[in-house]
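Below are the structure tokens for one structure; questions will follow.
Every read-out reported here was derived from the displayed coordinates using simple, explicitly stated rules and does not represent laboratory data. This is a predicted model, so every value here is computed, not measured. Note that we place each Cβ from the backbone using ideal geometry, even for glycine, and neighbour counts take in every protein chain shown.
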Amino acid sequence: MLWTACEADKTQPATTADAASTCPGATAEEAAQQYHPRILRGRVLAPGGQLAMRSPFGDWLVGSAHAAPLEGEQTVPEATVALYRVGPDGQKRGEVLRRATTDIQGEWCMKLPDGVDFGPDVMLAASADDTRLRRSLVSPVATDIYSTTEALTRLLQEREVDFTKMPKETYLNIESIADTTVDLLQPVQLAPDDNVASTVDKIGEALAKDERLDKKIASLPKRGE
């Protein structure tokens with residue numbers, strides 16, 4: 001778990017305005033806590049630290065990607081992270097519930113709104129220009145958004161899984177299988193010219209070949225059932 005810009009400097013108490021800008025929805029006291037069950041902290045990672053073909057940020061603004069599933073994915077500064085509900089098809093339903101912006105290290109923070117609980121039908125989406133990466137929010141500690149989470153979201157949509165009926169525990173297991181697949185079992189290598197679209201396509205091809213993943217997804221509730 002990363003404690004980032006949302007963690008208050010204990011020598012300089014955070015103001016309400018500080019909390020609103022660095023951790024939307026949180027009070028200064030909540031944002032200063034090392035753990036709060038409804039405070040979400042995560043990172044956005046993409047090939048080369050970009051969420052678009054053109055990026056205004058130089059390499060000196062890109063943080064380490066040592067914890068990313070793919071070597072070559074780096075943190076993305078100033079990306080917008082939106083939280084919203086999805087319907088059975090995994091597509092957005094209703095208004096955006098909360099928005100945050102990643103800092104210079106690609107890290108973001110927000111408070112889970114009242115009345116919203118963790119589940120595959122609650123989506124995090126990171127975007128810059130016309131490119132986005134998504135992941136279902138099933139746990140307060142599984143919040144990083146990167147190419148594999150987007151590829152898995154697309155695969156579940158293609159297989160007509162019902163996002164509103166998918167058990168949280170099963171989704172976490174599927175996510176773990178997907179990360180293991182592209183990292184160890186069918187390693188996905190990034191080329192120097194790979195962007196988000198080509199990387200997500202490569203990962204999707206690897207996931208589609210994984211028999212363990214195929215069996216898990218086949219057992220999930222389908223739309224219209």
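Quick one: Karplus J couplings for segment 205-214, per residue in order, coefficients 6.51, -1.76, 1.60, θ = phi - 60°, nearest Hz, x for Gly and Pro?
Per residue, the Karplus-derived 3J(HN,Hα) values read 5, 5, 5, 5, 8, 7, 5, 4, 5, 4 Hz.
Sorted by packing (mean other beta-carbon atoms within 10 Å per residue), highest first, where do 196-204, 119-127 land?
119-127, 196-204
Okay, which of segment 154-179 sit inside 18 Å, backbone N to the point 7 Å along the Cα-Cβ direction of K215?
Backbone N within reach: 170-179.
Per 5 Å bin, what is the whole-percent P(r) computed from every C-alpha pair distance within segment 186-225?
Once binned at 5 Å, the Cα pair distances of segment 186-225 give 5, 20, 21, 17, 15, 12, 7, 3, 1.
Now a separate question. What residues have an amide H closer than 5 Å to that of R38, excluding those fewer than 5 places away on the same chain, when H is modeled at 1.01 Å from N in the peptide plane?
Those lying under 5 Å, H to H, from R38: there are none.
So, in nm, how far is label K222 from label T27 when the simple model puts each one 7 Å beyond its Cα toward the Cβ?
Going from the K222 label point to the T27 one covers 4.9 nm.
Could you work out how far apart the two model spin labels at A197 and S139 are, taking each label as a point 7 Å from the Cα in the direction of the beta carbon, and quote it in nm?
With each label point 7 Å from Cα toward Cβ, the separation is 3.3 nm.
Related question: Determine how many Å³ per residue the convex hull of the Cα atoms of segment 148-210 encloses.
Hull volume normalised by residue count: 75 Å³.
For Cα pairs less than 8 Å apart in space and 6+ apart in sequence, what is the mean separation divided by the residue count of segment 83-199, i.e. the relative contact order in percent?
Taking the mean separation of contacting Cα pairs over the length of segment 83-199, I get 24 percent.
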